Amino acid sequence: MDFLGLANLSIIDRALEIIEAVWGEKVDIHNIPLNDKKTFRLLAQGKTTGVFQLESSGMKRYIRDLKPTELEDIIAMVALYRPGPLQFIESFIKRKHGREATSYPHPLVQKALEPTYGFPIYQEQVIQIAKDMAHFTGGEADTLRKAMGKKKVKLMEEMKVKFLAGAKNNGVDPADAQKVFKTLEDFAAYGFNKSHAACYALIAYQTAYLKAHYPSAFMAALMTSDLNNNERIAIEIEEAEQMGIKILPPDVNESYIDFGVVVDKGVPIPIEKEEQAPRIIRFGLAAIKNVGLGVALGIVRERKRNGSFKSFADFISRCAKLELEGGNSIINKKTLEALSKGGALDALIERNRCLENMEQILKFATGTARQDKNQIDLFGGGSRVLEQKLELASATPADDKQKLAWEKELLGMYLSEHPLKSLSSYIATHANTIASLTDVAENTQVIVIGIITTVKKIVTKNGQSMAFVGLEDTTGSTELVLFPGVLEKDTTVWVADKIVEVAGRISTKDNAIKILVDKGQVLDTANLPQDKNDTFEEIDLTNLDPIKLNMSKESALKAKAKNKLKEYVVNLPRGTKKDLLIAIKEILQEFEGDVPVILNVPQNGGFERIKTRARVAPSKELDEKLLALIHSPK
């Protein structure tokens with residue numbers, strides 16, 4: 001038995017709690033139908049962000065191609081999507097859809113390999129083949145599996161002799177038996193037990209089922225699980241918005257401790273109408289920096305006991321008498337500042353007005369709490385508070401820029417509107433999104449536009465300064481590496497909260513995608529150029545999916561000075577057919593020159609670099625012709 005602690009189980013549990021609380025539905029997750037069309041439609045569309053085991057960019061691509069129709073398909077994908085068996089995954093998909101013939105090394109292995117279209121994927125298939133071909137007992141077959149799995153050479157030799165002898169006694173040609181055993185030996189390098197894959201696949205299916213049928217509840221549970229991971233939360237918020245779910249800032253009258261679903265102001269509605277309802281997820285109160293679980297719990301409990309807070313004074317007077325463990329009131333300067341800046345009090349008071357009247361508010365809270373305590377002491381019960389007014393001075397309302405800065409500080413992200421949202425169309429035509437970098441090959445030249453979140457400078461052994469800069473856009477975040485020569489060119493660029501345009505090369509060292517910066521500048525958002533070559537003229541980068549035309553780093557940096565590229569690199573789209581390659585070749589021949597052409601062919605989540613005999617004279621016209629070819633109607 002293999003006992004694993006998975007956060008996904010907590011996500012499922014939390015989603016079930018939300019479903020019951022909001023819609024009054026009890027879902028038995030262990031008895032959901034395993035042939036649900038809506039769930040398999042979600043999987044076939046690759047909408048698997050947050051779905052256990054199936055949310056990497058590579059897995060999304062393969063799941064879309066596979067279009068699973070049964071749980072067995074998901075089990076196979078879990079086992080296949082690993083370094084060894086990944087080589088079979090495309091053929092597996094083709095065989096499922098009849099685009100490639102299924103074959104078996106011998107008729108006696110068909111029973112074991114038929115469910116996986118002729119490919120050995122699971123260790124259990126080794127057991128079945130040993131029993132069917134060599135008449136092994138169950139114990140002997142499992143010994144063979146162990147020998148292969150643990151790579152016990154001596155035991156493998158012993159079992160091989162038994163296998164070949166048993167196969168011969170079963171009428172199998174020795175050459176065929178040798179061939180089958182060699183296949184099993186090769187399989188041993190990556191064999192996976194189906195029982196493990198099946199458990200993972202079932203959890204994957206359960207999370208997909210909840211996402212398909214109860215999207216609001218699932219996404220709220222998912223974000224609660226990733227509460228302390230701002231990068232994941234940003235991805236999940238974008239996913240939720242694409243699903244038609246609004247993500248709103250915290251609110252003392254609607255938020256719960258964690259991320260929660262608000263449907264029609266919390267009034268339960270039939271679950272079958274969930275998709276038609278205004279779906280809203282509120283930020284949890286405990287997710288606000290400096291608020292904490294105790295304060296959040298106190299506010300939510302008070303609201304549930306005595307109803308919504310009718311005014312700011314009502315909120316202060318009711319919460320002032322609530323105490324944390326240790327006897328301190330939940331209303332203090334630190335908490336109020338956090339609630340106000342985080343937007344949780346927006347329905348009751350303007351943010352700046354709360355902050356600028358803090359002293360008066362705290363006096364009111366202290367007086368209310370003391371008065372209430374005196375009433376209880378004198379009369380032995382009851383909590384009637386003598387009426388007192390909270391009079392606050394007016395204040396200049398906080399502007400949008402200030403609100404966004406506070407959101408970033410207190411919630412860890414821009415929530416009401418990302419500073420780059422208004423630049424989305426410009427970024428789409430002038431740069432790579434950060435999320436798309438996972439599909440870009442090592443050392444490829446890219447341009448990204450984002451907002452600087454962190455700057456960490458260090459001194460090298462040579463006494464020079466270099467920096468590691470955090471950069472984010474609306475799709476994710478990455479790290480920029482600035483070597484001394486780049487940093488020293490203009491240190492004023494690399495400052496937190498500045499929007500910058502950066503050119504550099506992809507690095508995947510230490511299994512993390514980073515950009516080694518060649519050049520960067522603050523983006524003048526008020527005077528954006530209309531032509532992409534107006535910004536980084538020496539980098540002629542066309543970045544429109546599904547094709548990207550890039551230059552090498554050296555070419556990009558020297559092109560303007562020498563007006564000549566060292567190579568012309570074409571990143572081919574996935575699934576490129578022969579007729580498209582012929583058409584590309586014909587266009588390249590039209591622009592014959594002396595710059596060698598490199599093709600980057602998609603391969604296992606990256607690219608295989610192929611040198612061609614073609615040589616071109618790079619030009620804008622060449623770029624446009626290739627783009628027109630790629631985007632022409634099929």
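The set of residues in segment 53-79 being in contact (Cβ under 8 Å) with a residue 60 or more places away in the chain and closer than 14 Å to ALA212 by Cβ consists of LEU54, ILE74. Within segment 458-468, the residues that satisfy the criterion of being in contact with a Leu (Cβ under 8 Å, 6 or more places away or on another chain) and of a type outside the set (Ser, Thr, Tyr) are MET466, ALA467, PHE468.
On the stretch given as segment 311-361, residues that are closer than 21 Å to GLY284 by Cβ, free of Cβ contacts under 8 Å to residues at least 60 places away in the same chain and not charged (D, E, K, R) total 11.
On the stretch given as segment 158-185, residues that are closer than 20 Å to GLU124 by Cα and exposed (fewer than 12 other Cβ atoms within 10 Å of the Cβ) total 0.
In summary, helices (runs of 4 or more DSSP H) completely within segment 260-363 and bearing 3 or more residues that are closer than 24 Å to ALA220 by Cα, more than 29 Å from the chain's Cα centre (by Cα) and modelled with pLDDT of 90 or more occur at 292-306.
Would you tally the residues in segment 165-212 being assigned to a loop (DSSP other than H, G, I, E, B) and touching a residue at least 24 places away in the same chain (Cβ under 8 Å)? Counting residues in segment 165-212 that are assigned to a loop (DSSP other than H, G, I, E, B) and touching a residue at least 24 places away in the same chain (Cβ under 8 Å) gives 7. Out of curiosity, is PRO120 in contact with a helix residue (DSSP H, G or I) (Cβ under 9 Å, 6 or more places away or on another chain) and over 22 Å from ASP173 (Cβ atoms)? Here the answer is no, as PRO120 does not meet what is asked.
Please name all residue pairs, on different chains or six or more residues apart, with Cβ atoms under 9 Å, provided the first residue is in segment 452-465 and is surrounded by 13 or more Cβ atoms within 10 Å (Cβ to Cβ) and the second residue is modelled with pLDDT under 90 and of a type in the set (Lys, Arg). Close Cβ pairs satisfying both conditions: THR453/LYS408.
Taken over segment 23-71, the criterion of being touching a Pro at 6+ places or on another chain (Cβ under 6 Å) and at pLDDT below 95 is satisfied by TRP23, GLY24. For segment 182-207, the set of residues classified as among the β-branched types (Val, Ile, Thr) and either outside the structural domain of GLY50 (by TED's automatic domain parsing) or over 23 Å from LYS152 (Cβ atoms) (or both) consists of ILE203, THR207, listed by residue number. Exactly one residue out of MET159, MET133 is in a helix (DSSP H, G or I), free of Cβ contacts under 8 Å to residues at least 24 places away in the same chain and on the phi < 0 side of the Ramachandran plot, and it is MET159. Among the residues making up segment 350-366, those that are surrounded by fewer than 20 Cβ atoms within 10 Å (Cβ to Cβ) and hydrophobic (A, V, I, L, M, F, W, C) are LEU355, MET358, LEU362. Number of residues in segment 22-40 that are farther than 14 Å from ASP73 by Cα, touching a residue at least 24 places away in the same chain (Cβ under 8 Å) and part of a helix (DSSP H, G or I) equals 4.
Identify, please: which residue in segment 41-78 is assigned to a loop (DSSP other than H, G, I, E, B), of a type in the set (D, E, K, R) and over 12 Å from the mean Cα position of the chain (by Cα) and is, among those, surrounded by the fewest Cβ atoms within 10 Å (Cβ to Cβ)? If we take residues in segment 41-78 being assigned to a loop (DSSP other than H, G, I, E, B), of a type in the set (D, E, K, R) and over 12 Å from the mean Cα position of the chain (by Cα), then GLU70 is surrounded by the fewest Cβ atoms within 10 Å (Cβ to Cβ).
Entry remark, segment 432-446: residues being under 19 Å from HIS418 (Cβ atoms) and crowded, with 19+ Cβ neighbours inside 10 Å number 3 in total.
In this structure, ALA431 does not qualify as at pLDDT below 80, within 22 Å of the chain's Cα centre (by Cα) and within 21 Å of SER507 (Cα to Cα).
Looking for something at pLDDT 85 or above and in contact with a Ser or Thr (Cβ under 7 Å, 6 or more places away or on another chain) - is there at least one such residue anywhere in segment 516-539? Taking every residue of segment 516-539 in turn, at least one turns out to be at pLDDT 85 or above and in contact with a Ser or Thr (Cβ under 7 Å, 6 or more places away or on another chain). On inspection, ALA221 fails the criterion of being at pLDDT 90 or above, in contact with a Ser or Thr (Cβ under 6 Å, 6 or more places away or on another chain) and either of a type in the set (Phe, Trp, Tyr) or within 30 Å of GLY284 (Cβ to Cβ) (or both).
Taking segment 191-244 as the range and being among the basic types (Lys, Arg) and surrounded by fewer than 24 Cβ atoms within 10 Å (Cβ to Cβ) as the test, the residues that pass are LYS194, ARG232.
The values are calculated or read from the model by the stated rules, or taken from the named source; none is laboratory data. This structure is a prediction, so every number in the text was calculated from the model and none was measured. Positions of Cβ are backbone-derived with ideal geometry, glycine not excepted, and every protein chain shown enters the neighbour counts.
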